[in-house]
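**Student:** The structure that follows is given in the form of structure tokens.
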Amino acid sequence: NMGLLKPEITLGSNKVYLGFKEWGFNFSYWGIIDDRQIELYPDEWEKNIPEETVKFFPFEYLKVLKLANGCPVNTYHTGNLAYPHNYLDPRRNKESFEAAHMFSSTPDVIYTGWTVTYMLLQIAAVMGCNPIYLIGVDHRFRISAEDRNCGYWTNEKGENHFHADYSANKIFNLPDEVKAEAFFYHAAEYCQSNGILVYNATPGTALKSFPTI
């Protein structure tokens with residue numbers, strides 16, 4: 001019953017808006033980092049994300065997305081200096097450049113971690129949200145070998161998301177569960193060391209880095 005979350009601080013991503021009508025409320029915050037989704041479907045986000053919802057996205061797309069209450073963030077992809085959408089860590093320290101995984105505690109840089117959920121998890125922590133609950137993080141995908149070989153996927157049946165219309169006539173960047181999981185384990189260690197409680201409240205989740213509840 002997602003309606004129970006109406007009085008809470010909620011952060012969702014991508015096409016989470018498909019559930020807003022059924023759930024009876026709009027999320028407080030929204031985010032996106034997938035460059036393919038941003039560049040191919042900017043009208044989707046401009047049209048469907050409620051005006052009052054604060055919207056997080058990589059700063060490089062400030063001129064691409066015309067979003068009310070838009071909040072561009074300085075995103076940085078650790079462990080891959082050749083990544084085409086890197087912004088330099090403003091702290092410019094060697095650790096940030098060479099580390100395989102980083103978790104931000106300040107708003108001046110947010111690390112991507114191979115999934116928009118990782119971005120939103122850091123933002124929630126920076127905001128002071130504690131405890132934080134993950135909902136809908138199944139951490140498993142049904143992707144054909146053909147799509148894997150193509151380097152992107154279509155998922156026309158919608159079997160990987162909570163709503164049948166989520167992936168209709170859309171193409172997505174391929175997820176990398178192994179790399180994303182490594183970031184989540186790093187986040188779990190960081191949060192535990194800093195007194196931030198994170199729980200995974202997703203039924204049947206395959207992500208084991210956080211305690212389930």
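The values are calculated or read from the model by the stated rules, or taken from the named source; none is laboratory data. Small disclaimer: the values here were computed from a predicted structure and weren't measured. Surface areas here come from the heavy atoms of the whole protein model, side chains and all, with no ligands, DNA or RNA. Shrake-Rupley method; radii C 1.70, N 1.55, O 1.52, S 1.80 Å.
**Student:** Solvent-accessible area of F59, probe 1.4 Å, all protein chains present, reported in Å² to the nearest ten, please.
**Tutor:** 100 Å²
**Student:** Still on this structure, please answer the following. Using only the Cα atoms of the stretch 1-63, construct the convex hull and provide its projected area averaged over every direction, in square nanometres to one decimal. Could the numbers behind the result be given before it?
**Tutor:** Values: hull surface 17.5 nm².
If you wrap the Cα atoms of the stretch 1-63 in a convex hull and average its projections, you get 4.4 nm².
**Student:** Mind jotting down the distance between the C-alpha centroids of the stretch 1-63 and the stretch 107-122, whole Å?
**Tutor:** 15 Å
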